[in-house]
1. Go through the residues of the range 163-170 one by one and say whether even a single one is part of a strand (DSSP E or B), surrounded by 13 or more Cβ atoms within 10 Å (Cβ to Cβ) and in contact with a helix residue (DSSP H, G or I) (Cβ under 6 Å, 6 or more places away or on another chain).
2. Sort through 189, 118 and tell me the only one that's surrounded by 18 or more Cβ atoms within 10 Å (Cβ to Cβ), under 23 Å from residue 103 (Cα atoms) and modelled with pLDDT of 90 or more.
3. When you look at residue 154, is it at pLDDT 90 or above, on the phi > 0 side of the Ramachandran plot and either surrounded by fewer than 16 Cβ atoms within 10 Å (Cβ to Cβ) or not assigned by TED's automatic domain parsing to the domain that holds residue 126 (or both), yes or no?
4. Would you point out the residue of the range 122-139, among those that are out of contact with any strand residue (DSSP E or B) (no Cβ under 6 Å at 6 or more places or on another chain) and either without any contact (Cβ under 8 Å) to a residue 12 or more places away in the chain or not in a loop (DSSP other than H, G, I, E, B) (or both), that is farthest from residue 169 (Cα to Cα)?
5. With the structure loaded, tell me whether residue 81 is buried (at least 16 other Cβ atoms within 10 Å of the Cβ) and within 27 Å of the chain's Cα centre (by Cα) or whether it fails that test.
6. Restricting to the range 121-151, count the residues that are within 16 Å of residue 187 (Cα to Cα) and either outside the structural domain of residue 169 (by TED's automatic domain parsing) or surrounded by fewer than 16 Cβ atoms within 10 Å (Cβ to Cβ) (or both).
7. Please specify each residue of the range 171-186 satisfying the condition of being surrounded by 13 or more Cβ atoms within 10 Å (Cβ to Cβ), touching a residue at least 40 places away in the same chain (Cβ under 8 Å) and either farther than 22 Å from residue 93 by Cα or assigned by TED's automatic domain parsing to the domain that holds residue 97 (or both).
């Protein structure tokens, strides 16, 4: 059994123990009330005793249900936190890999694909590319990329590279010339989308 499981089991035992102490206290009060009622008559006392025991039993059961529900919720939260920690480790490693990838020859082709994807999503037109300073030499044929966007979306496209540089580990930001619409196709943005999606799936499985 892992340390985490032992801690959760101990937490369960502590809460159940507290519930039993509370139950004993409640039953003690019930016995006291029963003795007082017996003094006023055996028949009436018997009826009152049955009613009190039933009521107090319901209270005890309700307390136990609340404690168990609380334990289950807390346990699920802790499991989710653990899952998120593991997911974050994976994405941290992925970020390191992407940083290293920007130094490889294949990165230029990836930049082109990211521009084409964003350009098609913006439906062509006059578009401005924002990239890292070190990536300006990696995008060499804007005319061919523009034609690819035109082919995909059906509208003429004209691309130019902005003088403004972006601070990112890799990828591009593409926006309309009037800056009214922009698409963030940086590596960080793509990773964040994946992270939210995976985190959502983990949460659904744990709290379904």
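The values are calculated or read from the model by the stated rules, or taken from the named source; none is laboratory data. Please read all numbers here as calculations on a predicted model, not as lab measurements. Quick reminder, even Gly has a Cβ in these numbers, built from the backbone with ideal geometry, and neighbours come from all protein chains shown.
1. Scanning the range 163-170 turns up no residue that is part of a strand (DSSP E or B), surrounded by 13 or more Cβ atoms within 10 Å (Cβ to Cβ) and in contact with a helix residue (DSSP H, G or I) (Cβ under 6 Å, 6 or more places away or on another chain).
2. Details: 189 fails: surrounded by 18 or more Cβ atoms within 10 Å (Cβ to Cβ).
Of 189, 118, the one residue that is surrounded by 18 or more Cβ atoms within 10 Å (Cβ to Cβ), under 23 Å from residue 103 (Cα atoms) and modelled with pLDDT of 90 or more is 118.
3. Considered against the rule, which asks whether it is at pLDDT 90 or above, on the phi > 0 side of the Ramachandran plot and either surrounded by fewer than 16 Cβ atoms within 10 Å (Cβ to Cβ) or not assigned by TED's automatic domain parsing to the domain that holds residue 126 (or both), residue 154 comes out as yes.
4. From the range 122-139, those out of contact with any strand residue (DSSP E or B) (no Cβ under 6 Å at 6 or more places or on another chain) are 122-123, 125, 132-139; that's our starting set.
Pick out the ones that are also either without any contact (Cβ under 8 Å) to a residue 12 or more places away in the chain or not in a loop (DSSP other than H, G, I, E, B) (or both) and you get 125, 133-135, 137.
Numbers: 125: 27, 133: 11, 134: 11, 135: 11, 137: 16 Å.
Once the filter is applied, the top-ranked residue is 125.
5. no
6. Summing the residues that are within 16 Å of residue 187 (Cα to Cα) and either outside the structural domain of residue 169 (by TED's automatic domain parsing) or surrounded by fewer than 16 Cβ atoms within 10 Å (Cβ to Cβ) (or both) in the range 121-151 gives 2.
7. Taking the range 171-186 as the starting set, the residues that turn out to be surrounded by 13 or more Cβ atoms within 10 Å (Cβ to Cβ) are 171-176, 181-186.
Subsequent filtering for residues that are touching a residue at least 40 places away in the same chain (Cβ under 8 Å) retains 171-176, 181, 183, 185.
Scanning the range 171-186 gives 173, 174, 175, 176, 181, 183.
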